[in-house]
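Asks: Attaching a single structure in C-alpha cells format; questions to follow.
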Amino acid sequence: MCLLFSQGKQAIYRWRGGKMSLLVHLAGKDLTSLLQNPVLTDNQREQFYGIYPYLDRANLTTNYRSTQEIIRFNNQLFEHILQTKKSDYPFLAEVYQDYFQQTPTSSLEGGQVEIQMSTQEDWLEKTHQKILEFHEEGYAWGDMACLFRKNDLSGQLAEFLIARNIPISTSDSLLLSRAWEIQVLVGLMRAKAYTRQPAYLIGPLSLYAQKIKPQLVDNLWLPRLTSVQNWIDTLPFWHELGVQLPDSAHSLYSQVENWSHALGFFGTHGRTEYTVSFLEFVLQTTSKVGNHLTDVLDEWDKKSNSLSVQTQAKSDAVTIQTIHKSKGLAYPVVLLPHLHWSTTPKAGSKVWMDLSSLDEPLFEVESAERGTRRLKTAPLSASNDMLATDLQEQVIEERTQTYLEALNMLYVALTRPEEKLWISLNQDQLKENTIGSLIQDFLKQLEPEENGGWIISKGIAGRLKSEGTTKSEEMQSWIPLAWKKLPGSPMEKLKLRRSAERFFAIQSADQSKDRGTKIHAILAEISSKEEVETVMQRAVLAGWISAEEAPELRQDLQKWLDMSDLSPYFAPGLVVDRERDILLPGGKTIRPDRVVYFHDRTVIIDFKTGQIRPNYIKQLQTYATAFEQMKFPSVEAWLIYLDEKLVQKAYPD
C-alpha cells in the first residue's frame with residue numbers, strides 16, 4: 001500500500017521546483033494531463049499506467065485545529081475568491097474543489113477574527129499593541145506567532161519588538177545584511193580592499209554620518225566627500241564624526257573588532273547582537289577560508305542573504321517566522337501583519353519558455369560544422385505584452401501558477417490559528433493583483449467598525465483552552481477506536497517529523513556544498529554529454545533543483561564535462577554502468593558512481609562532495625582491486641571532488 005498525503009491548495013514550494021499540478025492531476029486521476037509532461041521517462045509513464053487503476057482519493061476536509069469562527073471565516077473568504085476568480089483562472093476550481101473546511105462537533109466556540117488597515121508608518125506599532133492586548137487577555141508570549149511571506153518585514157518587526165522588551169523567537173528574521181552597522185563594517189572592508197576606488201571609500205562615511213550625525217549631512221558636507229581619493233583622505237572626515245579609526249592590527253578579525261569599538265557598535269551607537277554575530281562570521285571565515293580581505297568579502301557575498309542574528313531559544317516568546325516555516329504548525333494566536341504580497345509574476349522575473357512552436361528565422365544559426373541549429377528555450381518575462389504573442393499559452397500558465405501559489409500561501413497562513421486571528425492589510429498596497437485586494441474585495445460586503453477595521457468575530461477574551469490540556473487529550477474524540485487500544489499515546493507513536501525543518505533550519509547554508517550535491521545527483525543520471533538537457537529538465541520536474549538555478553548548474557555541469565580529464569568518459573556510444581550494485585565473493589556489495597568499459601581498459605569514477613579525505617582513495621582502490629579480480633582489463637580509478645574542483649587519480653598509484 002502507498003499513501004500520498006497532499007493538498008494542491010497547500011503547495012507553496014514552487015520556488016524549490018515543486019509542481020502543484022502533479023498533486024492535483026494525480027489526486028484527480030487525470031492520467032491524460034499527467035502524461036502530457038514532455039520530460040517524463042518511459043519508466044515514469046509505465047509507473048503512472050500501473051498505479052492508475054488503484055488510485056483512490058479520500059479528502060481530509062475536517063479542521064480539528066481552529067475554532068468555529070475561524071473555520072467559518074476561511075470558508076466564506078475562499079468561497080468568495082473561488083466564485084469571483086475561477087473564470088480568470090480555470091485551474092483554480094480544480095485546486096480548490098475541496099476548499100470547504102468541515103467543523104467537528106468538538107470544535108470550540110468563541111474564536112476571534114479581526115482585520116485592520118495599516119500604513120508603512122504605523123503597522124509596527126499596531127502589531128505591537130495587538131500583541132500586548134493578547135498578552136493582557138492571558139495568552140503567553142509563546143502562544144503567539146507573527147507570520148510573513150518574506151523576511152524583510154519580519155526583520156523590521158523583530159527589531160521593533162526587541163527594542164520594546166518583547167521576548168521573541170526567530171531563526172531567520174534578523175538578517176545581518178539589513179543592519180546598517182554591518183553595512184558600514186563591510187563598507188570599510190571594501191574600502192581597505194579597493195583603496196583607489198572613491199565610491200567604496202565614501203559609502204561607509206556617508207551612511208555612518210546619516211545615522212549618527214544627520215545634522216552634519218548637509219549641502220556643504222556631502223560635496224566635500226568628492227575630494228576623497230584614498231584611505232588617508234577619509235580619516236579627517238571620520239574625525240569630524242568623532243571616530244578615530246585604528247589603521248592596523250595583527251589579524252583581520254582584530255581589525256574589524258577595533259573598528260567596531262571605535263564606531264560605537266558595542267552598544268553606544270549600534271546593536272551589539274549584530275556586531276557580535278558579524279565578528280563570529282569573520283572569525284570563522286578567516287579560520288577556514290583565508291585571512292585576506294577578499295576572502296572574507298567573497299564569503300560575505302555568497303552568504304549575506306542567509307546569515308542572521310541567532311536569538312536564544314525561549315520557551316515563552318513570540319514566534320516570528322515565514323509562512324513556509326509555519327506549515328504543519330499551529331498557534332493559539334496568529335497575527336498576519338501588513339499583508340500585501342502580489343499575485344502576479346514579479347516585475348523583471350523570467351521563466352524558461354519553449355520556443356519550438358515558433359517559426360522564426362532569428363532563432364536559427366547556420367554553421368558548416370554542425371549545420372542548422374535552433375534555439376529551443378529562452379528565459380522570458382510573463383508580462384502582459386507577451387499575451388499577444390504565440391507564447392500566450394505558456395504565459396497564461398506561468399501567471400496561473402504564480403496566482404495559485406500566492407493564494408496557497410494565504411490558505412496555509414489562515415489555517416495556522418487555533419483561537420485568534422488578526423490581520424492588518426497594507427492600505428498603501430491595496431491595488432489590483434495583490435492578496436490584500438482579494439481580502440478587501442471580500443470585506444466590501446461587510447460593515448466596517450468606527451476605527452475603519454472589521455471585526456468578523458469578536459470572540460471571547462482570554463484563552464479558550466485550559467493550559468493543562470495536552471494535544472493528545474484534545475484529539476481523543478476523533479482517534480479511531482482501534483488506535484486507543486494500543487499501548488501508549490498513538491499521537492506519540494505516529495508522530496511525523498516535519499521535513500520542512502530539515503530543509504530550512506540551517507541558518508547559513510553552504511551553497512557550494514549544496515551545489516556539489518546537486519551536480520553529483522545529476523551526473524549520476526547522465527550516460528553521455530548528449531543527455532544533459534533531458535536530465536536537467538527531469539531534475540526540475542522532480543524538484544531536485546529549481547528552474548531559477550538550472551541555468552547556472554547547467555553551466556557548471558558543462559565545465560566539468562568539457563574537462564580533458566573527464567570528457568572522454570562521457571562521450572556518446574560508450575558502455576557505462578551508473579551506480580550499479582556489484583556483489584563480491586563473501587556477500588559484500590560495492591557501488592561505484594560510474595564505470596566506463598573500453599575494449600582495452602576499465603575506468604572507475606567516483607564523485608565526492610565536501611573535503612578531501614584519505615579514505616576515499618582507499619575506497620576507490622578497493623573498487624579497482626575487485627574489478628581486477630573479475631579479470632577486467634587495465635583498471636583505472638579516478639576521484640572527482642566537486643566542491644574542491646579537483647580530479648585525482650586513485651589507482652594505479
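The values are calculated or read from the model by the stated rules, or taken from the named source; none is laboratory data. In this text the structure is predicted, and so the values were computed from the model without any measurement. Every residue, glycine among them, receives a Cβ derived from its backbone with ideal geometry; neighbour counts consider all protein chains shown. Heads up: the accessible areas ignore ligands, DNA and RNA and are worked out on the full protein's heavy atoms, side chains in. Shrake-Rupley method; radii C 1.70, N 1.55, O 1.52, S 1.80 Å.
Residue-wise test of (1) open to solvent by less than 60 Å² (accessible area, probe 1.4 Å); (2) touching a Phe, Trp or Tyr at 6+ places or on another chain (Cβ under 7 Å); (3) touching a residue at least 60 places away in the same chain (Cβ under 8 Å); (4) of a type in the set (F, W, Y).
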residue	(1), (2), (3), (4)
R65	no, no, yes, no
E69	yes, no, yes, no
N75	yes, yes, no, no
I81	yes, no, yes, no
Q97	no, no, no, no
Q102	no, no, no, no
S107	yes, no, no, no
Q116	yes, no, yes, no
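For every residue, the table says whether it meets (1) farther than 30 Å from E280 by Cβ; (2) aliphatic (A, V, I, L, M); (3) assigned to a loop (DSSP other than H, G, I, E, B); (4) in contact (Cβ under 8 Å) with a residue 12 or more places away in the chain.
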site: N305; (1), (2), (3), (4): no, no, yes, yes
site: L329; (1), (2), (3), (4): no, yes, yes, yes
site: V334; (1), (2), (3), (4): yes, yes, no, yes
site: W352; (1), (2), (3), (4): yes, no, no, yes
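Asks: Something else about it: Can you name the residue in the stretch 190-230 that is open to solvent by less than 10 Å² (accessible area, probe 1.4 Å) and in contact with a Pro (Cβ under 9 Å, 6 or more places away or on another chain) and, of all such residues, is nearest to D298 (Cα to Cα)?
Replies: That would be A191.
Asks: Write out, first by first residue and then by second, each pair whose Cβ atoms fall under 9 Å of each other, whose residues are 6+ apart or on separate chains, and whose first residue, in the stretch 184-195, is at pLDDT below 95 and among the charged types (D, E, K, R) while the second is surrounded by fewer than 21 Cβ atoms within 10 Å (Cβ to Cβ) and not in a helix (DSSP H, G or I).
Replies: If the second residue must be surrounded by fewer than 21 Cβ atoms within 10 Å (Cβ to Cβ) and not in a helix (DSSP H, G or I), the pairs left are R190/Q197.
Asks: While we're looking at this one, here's another question. State the number of residues belonging to the stretch 27-63 that are closer than 30 Å to K465 by Cα and surrounded by fewer than 16 Cβ atoms within 10 Å (Cβ to Cβ).
Replies: So the answer is 4.
Asks: Here's another thing I want to ask about it. With the condition kept exactly as written, say whether any residue in the stretch 562-574 is within 21 Å of R515 (Cβ to Cβ), open to solvent by less than 20 Å² (accessible area, probe 1.4 Å) and under 36 Å from the mean Cα position of the chain (by Cα).
Replies: There is at least one residue in the stretch 562-574 that is within 21 Å of R515 (Cβ to Cβ), open to solvent by less than 20 Å² (accessible area, probe 1.4 Å) and under 36 Å from the mean Cα position of the chain (by Cα).
Asks: Here's another thing I want to ask about it. Filter the stretch 362-378 for residues that are touching an Asp or Glu at 6+ places or on another chain (Cβ under 8 Å) and surrounded by fewer than 10 Cβ atoms within 10 Å (Cβ to Cβ) and give the result.
Replies: Scanning the stretch 362-378 gives a single hit, T372.
Asks: Yes or no: the stretch 613-634 includes at least one residue that is open to solvent by less than 30 Å² (accessible area, probe 1.4 Å) and in contact with a Lys or Arg (Cβ under 7 Å, 6 or more places away or on another chain).
Replies: No.
Asks: Does S154 satisfy the condition of being part of a helix (DSSP H, G or I) and under 17 Å from L124 (Cβ atoms)?
Replies: It is true that S154 is part of a helix (DSSP H, G or I) and under 17 Å from L124 (Cβ atoms).
Asks: Here's another thing I want to ask about it. Could you please find all residues in the stretch 408-455 being in contact (Cβ under 8 Å) with a residue 60 or more places away in the chain, farther than 23 Å from N63 by Cα, touching a strand residue (DSSP E or B) at 6+ places or on another chain (Cβ under 8 Å) and not in a helix (DSSP H, G or I)?
Replies: Across the stretch 408-455, the qualifying residues are S424, L425, N426, N433, T434, N451, G452, G453, W454.
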